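The values are calculated or read from the model by the stated rules, or taken from the named source; none is laboratory data. Quick caveat, the model's predicted, so the values are computed rather than measured. Every residue, glycine among them, receives a Cβ derived from its backbone with ideal geometry; neighbour counts consider all protein chains shown.
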Amino acid sequence: MARYILVRVLDSIPTILLVLTLVFLAMRILPGDPALAVLGDNAHPETIARFREQFGLNDPLWLQYLNFLRDVFTFDFGNSLVKNAPVATLIANNLPYTLELTLAAMVIGITFGIPLGVMAAVRRNKWQDNGFRVFSLVGYAVPDFYLGAVLLLTFSLSLGWFPINGAGTDFASRMHHIVLPALTLAMLKMAFIGRLTRTSLLEVLGRDYVRTARAKGASERRVVYRHGLRNALLPLSTGLGLSILSTLSGSVAVELVFNRPGIGRLLIEAITERDYPVIQAGVVVFASVVVIVNLLMDLVYVAVDPRIRVQ
Amino acid sequence: MNQPIIQAENVGKIFPGGGGGLWRPAPPDVRAVDGVSFEMTRGETLAVVGESGCGKSTLGRLLLRLIEPSSGRVLIEGTDITTLSGAEMRQMRRKVQMVFQDPYGSLSPRRTIAQLIAEPLQVFGLVKNRRQMRERVAELLTQVGLPPSVMDRNPRQFSGGQRQRIGIARALSVDPSFIVADEPVSALDVSIQAQIINLMQDLQQEKQFSFLFIAHDLAVVRHIAHRVAVMYLGQVMEIGTKRQIYEVPQHPYTQALLSAAPEARLDRPYRRIVLKGDVPSPTAVPEGCSFHTRCPLAQGICRVERPPLAQVAPGQMAACHFAAPNSLGVAAAGPSLDKSNSPRARA
Amino acid sequence: MATIEQDFAPPEPGLSQRLRRVFFGRTATVIATITVALFIFVAAFAPWLAPYDPMAQSFISINKPPSWEHWLGTDQFGRDVLSRMIWGSRNSLIFGFLSPVLAALIGGTLGVLSGYFGGILDRIVTRLVDMLLSFPELLLAILVAAALGGGFWNVVAVLTVAFTPGFARVARATTLSVKQEPYIESAIAAGVRTPVIILRHVVPNIMAPIVVLMTLWAASSIRLEATLSFLGIGTQPPAPSWGNIIREGLANIFATSWPIIAGGLAITIVVLAISIIGDQVRDELDPEIN
Amino acid sequence: MSAPLLNVQGLCVEFGPKAAPIRVINDVNLRVDPGEAVGIVGESGSGKSITSLSILRLVPEPPSRIAAGSITFEGRDLLAMPKSQLRHMRGRDIAMIFQEPMSSLNPVMTVEAQIGEAIMLHERMSRAERRARVIQLLRLVGIPDPESRLKAYPHQFSGGMRQRVMIAIAVACNPKLLIADEPTTALDVTIQAQVLDLMKDVREKLNTAILLISHDLGVIAEVCERVLVMYAGHVVEDADIRSLFENPKHPYTRGLLRAVPSLTDERSRLYQIPGSVPQAGSIKQGCPFYARCDLRQNICAQTMPAMSRHSSSHQAACWVTQNLSEVRSA
């Protein structure tokens, strides 16, 4: 098993390199001249020349690529063009808020999503199941930024129960600030995780080994939890990885709605302000999180599935 | 002397374990078929029998070059098909056809019966227009015992046995000289099996194609085969005429297979011996004789030296150091072909 | 030969019958079908249906609540929200249908070719697809948008890139399983040429999951376009889209909440309706995938 | 005659909506005495598997349901008792093994946990006692070196070995009846012989009654003393093995016996039953074998014949042979 983990970790190195290369290519080649993209089409030729010099855009491509990789591994992207701070500092200041929000949303989503899915599967075609299916359909249809806006309108503006913007300073106020954004994201997670649990559990409950368990005389409870859920959670762990990442990407919009600091908002603002170094860093951060989360989820899968664990 | 229609010369197939990664060891190769040689003449039926993983289906596909052989040659009417180009091989397919195991999967689901049966005809330009095509399809359907009126239906509307008839009609459409049938009745109900076996037997006698019949069950091929080859882990263990294989089997594995088959009768034709252990994986074929891990007769030499497939009687070959008629004593009285056997012991 | 009494199963339902079952099978689907048809109608006839020019600003009537003149009120520039909603439906629906179709064409072709032929092409496609699929569509869209910027064709490209890997994976997987089917081997054994095999025996048999995915992703695509527009990297103002109506509404949230409510409801209703139809299509065509 | 261990009377099972049900099992009667081995033989759609699943009420409900009949085990009505009570009989009094040894074991539980669970659910014993019992069971079913295989997972076993593990689970509580639904169909012929031997061996050691379901009369002949022949949801013949082979009374059984290829017969052609196996529930009136029967008469199309007794241990449901034997005995 240790060997498998090692192999899997080593295997993700080419993936990271591939992702980084694609990011590099996308940013340097696809949109044409980054200088024009940043400075606008009407920029003064002298300004453009200075910009190209500053960012090494006159170097040959392979040198730019190596410099880019060096920047990534030393995590040194220079200074923001708009905000007067090093990019690394901006990232370091914003990342915790995003992680905190993602974590809170995932915790709520999992603690409610899995039991909801189990209930729907066990009570298949009963009112609980139908109710859940309506909930998951609607939950899938409502855009998270809209849900966030509605919660903001209702609970912050009208009722005044929660703050309107920011993320708070001390622990209590941070918890107070995080409630609505986390709930917004968690609703979707509940629908998604619940739906995944339901399908997966229904499929597992139709398997032959579940019939074997029933034939042994296991109670329905034992059949569902000991034999059903444990196998149903295997495919779920893959879905969970995607779910974490989609929460992360959903947090971008939610941070904007609730005017919260965070890495997503940082990136979006950078895109609209054409803050080139921050865009580059933000993209790299998001891409690395994706690779890392997928790696972790793979390892979780290995840990729970003996068919891979035990050779 | 009759020129053989099919010659297999030392045919082998190793499926690479594949996969593997930058840091991962590649999984072991699968030795599916290993040095198989035989000949078949016009109008002859050879049955290939063996348990799962013995390579019998792979062998059938190698003969039609649906799988590229790793070694050896396959000659069809004297032409080595392993060296043909893609276009030449396609032309060769007019002479060689296949009937498949799974009657549910082997008919393309979104086509009509007429389209399916006529597909080979159209590929080789054997029908000129639609009317001619429908006439030929009607004729073929009648030959396999289906009413021509069904030709515009969809395969889904047919039962397993009916679909197998359609598959046979499709294979017959180009009048091939060689047909491979891969377990054509194993997916069918018992009462339908007999229909299909009889149908194939009748058609073979009428059209005189050479027929390779692959099965896992020695009883099924009893009626249709002229000769039988028994395979184990990619190798032919024994090959001989029907009479030789059923009456004087020389390889212990053949004898064990005969004795293990459950028979729907009260008296047992062969004394029952039960082999120990599992069939080894084709990824790890034992050294020496591949059967030695389960063979009741295995000696020291069997573990180190692989016995060649050698003649043990005229027309009969066996790959065993200790090949002898009835060496396991399963047919102590000789298999009773005239139903006068002692009542079998009851558990 | 002995005559055999044949008992054949009844014919299968035809295409029109199945379509009817998809769209009119259950009450929920009927309502969803009508809803989607209604939105398509509105988008198609936007110039005739919209009471005002969606871009026309009017400083004398800003932030008005709903009234007889302005059914959904006006925004901070005095533009008629209803007219903006009607015109905005064009953007949403065009993206909703265009991107999945493009993605299905590109991804489907890649998937079929790599699944059928395998080899180096397959290795490259699989590696790329696996990598791209490890990104949620929204994140991928944001990252591509970060490189490309907004604008109509850029958004189309962004959405297409986001959906293509999914189609490629499904097309590849179903092609692989279809390729395992004996009828493909049967066609090869009959001497049929490879391009004919792919077009005649592979493609028709992988269409079901592709169509299912297309309907389900039409919904995702609309939601995704709205999100990108909301983030300011989709449809660029002043051109209206449901997403940027909400974006501008949020900036003006203290004055009026009507644009937010209207925009969000429109997105929710259309996405919900298409999802319901998509679920029905899936149940009808392909009960295997969930 | 001793009291029956299992007695199924007039069992009917339906599929589909209640308004337009498809009856897949029709008026099945089945009796198994203590220690007896009974086989059910039939082709696809004959209802043999559904019959066996109905006994422990394991038919998936919905879409199917037991519509009529009674199933008594040692005099207790299994259909009438609440599921919670039935649960205590599953595995302890009546155990079951299935066709697919590959999928019938839980992939994420060790062999010890799965066999141990069968014991734990019905018997109180300490962990150490349970482990000892698991080892003893593994040894009983012929798993070599059982101590080292306790922590193994199902995917580490071959098909034949998994079926042995399934049998170990089934006999963990010394059940009085073992129901085996096509236990060897997925196995190769040499492995099938091993598993059949094991079943006979277990029966001898534990005196368990066996109900063996198979499409293969040869398999049933290996193990059973009595056979029920099912066709399209009906039991058409019920006889002791010898009488069935020597003197089959139902035209379907006769056809089947002649159609099965044999290792030794020298016939140039096999006997063939014409037509197709009917789909479950497709025949609503008369004898289900009517369309394929070479002895059919007008009455057969109208009314399903009742079982008629040909000897103390032989009954068949056929209008024609029933009359023939009446003529003969008269």
Criterion (part of a helix (DSSP H, G or I), aliphatic (A, V, I, L, M) and closer than 20 Å to A:Ser80 by Cβ) met by exactly one of A:Ala253, A:Ala303, A:Ala281 = A:Ala281
With respect to A:Arg133, determine if the residue is facing chain C (nearest Cβ under 10 Å) and either outside any helix (DSSP H, G or I) or more than 22 Å from the chain's Cα centre (by Cα) (or both).
-> yes
Output the number of residues of segment D:35-48 satisfying the condition of being assigned to a helix (DSSP H, G or I) and surrounded by fewer than 21 Cβ atoms within 10 Å (Cβ to Cβ).
-> 0
Which of the residues that make up segment A:261-278 are at pLDDT 85 or above and in a loop (DSSP other than H, G, I, E, B)?
-> A:Pro261, A:Gly262
In the set C:Ile142, C:Ile124, C:Ile197, the lone residue that is more than 30 Å from A:Gly282 (Cβ to Cβ), part of a helix (DSSP H, G or I) and either away from chain B (no Cβ under 14 Å) or modelled with pLDDT of 90 or more (or both) is C:Ile197
Flag for A:Arg214 being under 34 Å from the mean Cα position of the chain (by Cα) and either in contact (Cβ under 8 Å) with a residue 60 or more places away in the chain or at the interface with chain D (Cβ under 8 Å from one of its Cβ atoms) (or both) | no
Those residues that are under 11 Å from the mean Cα position of the chain (by Cα) and under 12 Å from D:Phe15 (Cβ atoms), I need them from segment D:32-69; list them, please.
-> D:Gly47, D:Ile50
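The rows are residues; the columns are (1) on the phi > 0 side of the Ramachandran plot; (2) surrounded by 17 or more Cβ atoms within 10 Å (Cβ to Cβ); (3) free of Cβ contacts under 8 Å to residues at least 40 places away in the same chain.
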| residue | (1), (2), (3) |
| --- | --- |
| B:Leu258 | no, yes, no |
| B:Ala264 | no, yes, yes |
| B:Gly277 | yes, no, yes |
| B:Pro308 | no, no, yes |
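One line per residue, one yes/no per condition, for (1) within 14 Å of chain C (Cβ to nearest Cβ); (2) aliphatic (A, V, I, L, M); (3) surrounded by 22 or more Cβ atoms within 10 Å (Cβ to Cβ):
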| position | (1), (2), (3) |
| --- | --- |
| A:Gly139 | yes, no, no |
| A:Asp144 | yes, no, yes |
| A:Phe162 | no, no, no |
| A:Gly168 | no, no, no |
| A:His176 | no, no, no |
| A:Leu202 | yes, yes, no |
Residues D:Ser312, D:Ser325: which one is farther than 14 Å from D:Thr253 by Cα and either among the acidic types (Asp, Glu) or modelled with pLDDT of 85 or more (or both)?
-> D:Ser312
Which residue, of D:Ile179, D:Ile135, D:Ile97, is modelled with pLDDT of 90 or more, touching an Asp or Glu at 6+ places or on another chain (Cβ under 8 Å) and within 12 Å of chain A (Cβ to nearest Cβ)?
-> D:Ile97
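Let's see how each residue does on (1) among the β-branched types (Val, Ile, Thr); (2) more than 14 Å from the chain's Cα centre (by Cα); (3) more than 8 Å from every other protein chain (Cβ to nearest Cβ); (4) assigned to a helix (DSSP H, G or I):
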site: C:Ala187; (1), (2), (3), (4): no, yes, no, yes
site: C:Pro204; (1), (2), (3), (4): no, yes, no, yes
site: C:Met207; (1), (2), (3), (4): no, yes, yes, yes
site: C:Arg223; (1), (2), (3), (4): no, no, no, yes
site: C:Phe230; (1), (2), (3), (4): no, yes, no, yes
site: C:Ile233; (1), (2), (3), (4): yes, yes, no, no
For the subset of segment B:246-296 comprising residues that are small (Gly, Ala, Ser) and part of a loop (DSSP other than H, G, I, E, B), which member is farthest from the other protein chains (Cβ to nearest Cβ)?
-> B:Gly288
Per the list (1) surrounded by 23 or more Cβ atoms within 10 Å (Cβ to Cβ); (2) more than 26 Å from C:Trp71 (Cα to Cα), residue check on C:Pro204 breaks on (1)
Can you tell me which of D:Leu105, D:Leu138 is in contact with a helix residue (DSSP H, G or I) (Cβ under 6 Å, 6 or more places away or on another chain), over 18 Å from D:Ile179 (Cα atoms) and surrounded by 19 or more Cβ atoms within 10 Å (Cβ to Cβ)?
-> D:Leu138
Set C:Val281, C:Val211, C:Val271: member being over 23 Å from A:Ser249 (Cβ atoms) and at pLDDT 85 or above | C:Val211
Among residues of segment B:279-297 being out of contact with any Gly (no Cβ under 9 Å at 6 or more places or on another chain) and farther than 30 Å from D:Val223 by Cα, the residue surrounded by the most Cβ atoms within 10 Å (Cβ to Cβ) is B:Cys289
Take the residues of segment B:29-50 that are touching a helix residue (DSSP H, G or I) at 6+ places or on another chain (Cβ under 8 Å) and in a loop (DSSP other than H, G, I, E, B): which is nearest to B:Gln316 (Cα to Cα)?
-> B:Gly50
Kindly provide the set of residues from segment B:134-147 that are in a loop (DSSP other than H, G, I, E, B) and touching a residue at least 12 places away in the same chain (Cβ under 8 Å), ordered by number.
-> B:Val144, B:Gly145, B:Leu146
If you check A:Tyr301, A:Tyr276, A:Tyr209, which single one turns out to be closer than 30 Å to D:Leu78 by Cβ and either in contact with a His (Cβ under 8 Å, 6 or more places away or on another chain) or more than 9 Å from chain C (Cβ to nearest Cβ) (or both)?
-> A:Tyr209
Residue check: is B:Arg110 assigned to a loop (DSSP other than H, G, I, E, B), surrounded by fewer than 17 Cβ atoms within 10 Å (Cβ to Cβ) and touching a helix residue (DSSP H, G or I) at 6+ places or on another chain (Cβ under 9 Å)?
-> yes
Take the residues of segment D:141-153 that are assigned to a helix (DSSP H, G or I) and within 14 Å of chain A (Cβ to nearest Cβ): which is surrounded by the fewest Cβ atoms within 10 Å (Cβ to Cβ)?
-> D:Ser148
Filtering helices (runs of 4 or more DSSP H) wholly in segment D:193-305 for at least 3 residues that are more than 10 Å from every other protein chain (Cβ to nearest Cβ) and of a type outside the set (Lys, Arg) gives D:298-302
Qualifying position, being more than 14 Å from chain A (Cβ to nearest Cβ) and buried (at least 23 other Cβ atoms within 10 Å of the Cβ), among C:Ser67, C:Ser114, C:Ser61, C:Ser92 | C:Ser114
